[in-house]
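Nothing in this text is a laboratory measurement; each read-out follows from the coordinates by a stated rule. Fair warning: this is a prediction, and the values are worked out from it, not measured in the lab. Cβ coordinates were reconstructed from backbone atoms using ideal geometry, including for glycine residues, and neighbour counts include every protein chain displayed.
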Amino acid sequence: MSNGIYPKERELDGIFYRVKRNGKSHSICFSDLTEQEQDKILAEYDEEALRRMCKILVSTLRNIGDQFGIMGRIDTCDDGGE
């Protein structure tokens, strides 16, 4: 971000990249990068690299949900989908 405000570093996904911030190099998780930093990295990826990254992110999301019992939307209707 040009204004020097960056996402809080949570280090959840384990996919680290070297980026320059304020003139210094940092090793930062993909999910902790700014959208511009993410776009720059993703522009260099081929299809297979994107698939690998997606699988890592899915695994991370699943693990967080399992660890904390987090559920997405839960349908409370029991009408058989009608």
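Using the Cβ of residue 21 as centre and a radius below 15 Å, the other residues enclosed give a net charge of +1, where K and R count +1 and D and E count -1.
Residue separation of residue 67 and residue 5 scaled by 0.36 nm, minus their Cα-Cα distance, works out to 19.4 nm of gained length.
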